[in-house]
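Here's the structure, in C-alpha cells; my notes come after.
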Amino acid sequence: MKQVVILVKSDEAQDQKLATHIETSLRQSGHSVFVDRESQTSMAWASNLTHQIKSADAIVPLLSDAACQSEIISFQIEVAHDAAQKQNGQPAMIPCRVGFTGDLAEPIAGILAPITHLLWETEEDNIDVIKDLNERLQRVESRSKPSKLELKPGLRLVARSAPAPKPIRVTIPVQKKPKGPLPLEPVGGAVPLHSDFYMSRGVDKEFREALTRYDSIVLLKGARQIGKTSLLARGLQMARTRGAKVALTDFQKFNASNLSDVSRFYISLAESLAEQLELNVLPSDTWDERRGPNVNFERFVRREVLKNMKTQLVWGLDEVDRLFSCSFGSEVFGLFRSWHNERALDPSGPWAGLTLSIAYATEAHLFISDMNQSPFNVGTRLTLEDFDIDQIRELDNRYGNPLKNEEEFQQFRNLLGGHPYLVRRGLHELASKKIDFTTLKTEADKDDGIFGDH
C-alpha cells in the first residue's frame, strides 16, 4: 500500500472529476489517498498540506492548462520537490497531463520536465491512466518504518562522532551535446537544472572541482545575467548527490526589514538555515542579546548547525551584492573571513565542515574599506566569462540553427558579444519565429526592444 497525494486545481470541474476517479480507483487497489480540494489558502492549510506531502510515497499533480498557471499548484509541486531532495527521493513525482500537451512554465518546468508524464485527454483514457499509474506506484518504494530496538541490561548506546569530511576524487562527467532543434523553453532567470539549453563552460568544471575539494570559500564573480545562479544551482546539486548537506540563501528574497539592522539580518539568516536543514532548534532558542549579533550568529552556526552535521555543509550565497550597500555589510563579510581563518588554523575543527560559495557581480573593493577583513581576496576565485564562438555555434545548433548562414552568425556575434542571456534570448526569439534577423538587428538597442530588460 502506498500513500498518495493528488494535487488538483480546486475550481476546474474536469480536473476534479478526474481526481475523484483516480482517488476511488487507488483506494480500491488498497492505497491511501489524500486530495487537496481546499479553495481557500491559510497557514493551517499550508501546514497540513506540507505534512501530507512530506509523508507521502508519491505525488500525482494533475496538469491541465489552468493548473499549470496556478500559483497554488506551483507551490505544492515545489514543496514536494523540496521534500524529495531532503528525503532520498521521497515522495516520487508522477505527473499526469489533463488535456494539455503544451510547454510548462517555470518553476515547475525545471522540476517536472525530466519526468515521464501520464496523459489523459478524454474519459476513454481512464482505464489506461489508472493502469499506468498503478504500475508506476508499484515501482515506488514505500517508506521504511524504523525498527524497534530492545534495550537489555548492561547495553548502553553511545553516540559516535562523525569523522571530519575528507576530499574525494570524483570523475566529472563530460556534458553530452544534444542534437537540435530542441523543444523551446522560457528564457529568463536561472536555467533549469535539466535543461539542454544550459551551456557548460570551463568555469563549471573548476567550480565542481572546488566543491569536490571542500574548499573553504568559493567565489563566483560575473556580470549581471551571465549565469551565476544557474552555475551555483548545478554546483549545489552535484554536492547534494555526493552526500553533502546543502543550503541556499538568495539575498534577493530578503526584504527591507530583513536588512534594516544586523540583528534582524542574522536572525533571518539563521532561521533560513534552520528551516532548510530541518534543525530541531531555532535562533530564538539560543539567542542572547547580551552577546551581540556576530557572536550569536557564529555560536548558532557552530553549535547548532556544524556540530551535529554528519557530513559537509555546502552553503550557497546568491546576490550577495545586496549586502554591499548595508551599513553592517563589512561586519558580515568579516565574520565569513574569520571562519576561513579559523579553518586554516584548525583543519579538524568545526569550520572544516563548511564550504561557502558566494556569487556576486559588483567589484567588492568599491564598498569594503579593508579587503583583509573580507572573504573576497581569499579562497578559490572563479570568474564567469561570455560564451566563446564555439559555444555560440553549439547553442545555435540546439535551437535548430535559426542563424541561417555564416554572415548572419558573425553579425549576431558582433551584435551581442557572447553574453549568455542575450545570446540565448536572441536565438530563442529567432527560433520561435517571433522576429526575423533583420528586425532583431534593428530593435536590439531600443529600450522597448527584446533586450530592453537587460
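Could you look through segment 113-133, keep only residues that are among the β-branched types (Val, Ile, Thr) and farther than 13 Å from His21 by Cβ, and pick out the one that is surrounded by the most Cβ atoms within 10 Å (Cβ to Cβ)? It would help to see each step written out before you state the result.
Taking segment 113-133 and keeping what is among the β-branched types (Val, Ile, Thr), we get 115-116, 122, 127, 129-130.
Those still in the list that are farther than 13 Å from His21 by Cβ too: 115-116.
Working: Ile115: 11, Thr116: 8.
The residue in question is Ile115.
Would you kindly identify the helices (runs of 4 or more DSSP H) lying entirely within segment 204-321 that contain at least 1 residues that are under 25 Å from Ala190 (Cβ atoms) and among the hydroxyl-bearing types (Ser, Thr, Tyr)? Steps first, please.
Numbers: elements: 228-241, 262-276, 283-286, 293-299.
Of the helices (runs of 4 or more DSSP H) lying wholly inside segment 204-321, those with at least 1 residues that are under 25 Å from Ala190 (Cβ atoms) and among the hydroxyl-bearing types (Ser, Thr, Tyr) span 228-241, 262-276.
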Identify, please: which residue in segment 391-411 is outside any helix (DSSP H, G or I), out of contact with any helix residue (DSSP H, G or I) (no Cβ under 6 Å at 6 or more places or on another chain) and in contact (Cβ under 8 Å) with a residue 12 or more places away in the chain and is, among those, nearest to Arg201 (Cα to Cα)? Asn401
Name the one entry in Val301, Val305, Val332 that is out of contact with any strand residue (DSSP E or B) (no Cβ under 9 Å at 6 or more places or on another chain), over 20 Å from Leu382 (Cα atoms) and not hydroxyl-bearing (Ser, Thr, Tyr). Val332
Top-ranked residue of segment 371-390 - restricted to ones that are outside any helix (DSSP H, G or I) and hydrophobic (A, V, I, L, M, F, W, C), ranked as surrounded by the fewest Cβ atoms within 10 Å (Cβ to Cβ): Val378
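Just name the residue that is surrounded by the most Cβ atoms within 10 Å (Cβ to Cβ) out of those in segment 58-100 that are of a type in the set (S, T, N, Q) and under 19 Å from the mean Cα position of the chain (by Cα).
Going through segment 58-100, the residues of a type in the set (S, T, N, Q) turn out to be 64, 69-70, 74, 76, 85, 87-88, 90.
Going one step further and asking which of them are under 19 Å from the mean Cα position of the chain (by Cα), we end up with 74, 76, 85, 87-88, 90.
On the way: Ser74: 19, Gln76: 24, Gln85: 13, Gln87: 13, Asn88: 8, Gln90: 20.
Checked segment 58-100; the qualifying residue surrounded by the most Cβ atoms within 10 Å (Cβ to Cβ) is Gln76.
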Of the conditions (1) over 25 Å from Leu220 (Cβ atoms); (2) under 30 Å from the mean Cα position of the chain (by Cα), Ile392 fails just one. Which one is it? (1)
Out of curiosity, is Glu38 assigned to a loop (DSSP other than H, G, I, E, B) and among the acidic types (Asp, Glu)? yes
Out of the residues in segment 246-261 meeting the condition of being touching a Phe, Trp or Tyr at 6+ places or on another chain (Cβ under 9 Å) and either modelled with pLDDT under 95 or of a type in the set (Lys, Arg) (or both), tell me which one is nearest to Gly418 (Cα to Cα). Phe254
All-but-one check, Ile130 against (1) aliphatic (A, V, I, L, M); (2) modelled with pLDDT of 50 or more; (3) in a loop (DSSP other than H, G, I, E, B), failing number (3)
Do we find a residue being part of a loop (DSSP other than H, G, I, E, B) and either among the hydroxyl-bearing types (Ser, Thr, Tyr) or buried (at least 16 other Cβ atoms within 10 Å of the Cβ) (or both) anywhere in segment 336-351? yes
Got a sec? Which of Phe300, Phe333 is of a type outside the set (Lys, Arg), touching a Pro at 6+ places or on another chain (Cβ under 7 Å) and under 24 Å from Ala223 (Cα atoms)? Phe333
For Val281, state whether it is at pLDDT 95 or above and in the same structural domain as Ser330 (by TED's automatic domain parsing). no
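Quick check on Ala364: is it under 24 Å from Asn341 (Cα atoms) and either acidic (Asp, Glu) or at pLDDT 90 or above (or both)?
Numbers: under 24 Å from Asn341 (Cα atoms): yes; either acidic (Asp, Glu) or at pLDDT 90 or above (or both): no.
It is false that Ala364 is under 24 Å from Asn341 (Cα atoms) and either acidic (Asp, Glu) or at pLDDT 90 or above (or both).
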Please state which one of Gly102, Gly89, Gly30 is without any contact (Cβ under 8 Å) to a residue 40 or more places away in the chain, outside any helix (DSSP H, G or I), small (Gly, Ala, Ser) and within 23 Å of Ala247 (Cβ to Cβ). Gly89
With respect to the numbered conditions (1) outside any loop (DSSP other than H, G, I, E, B); (2) touching a residue at least 24 places away in the same chain (Cβ under 8 Å), which one is the sole condition not fulfilled by Thr439? (2)
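The values are calculated or read from the model by the stated rules, or taken from the named source; none is laboratory data. As the structure is a computational prediction, the values presented were derived from the model and not from experiment. Because the Cβ atoms are built from the backbone with ideal geometry, glycine has one as well, and the counts that use them run over all protein chains shown.
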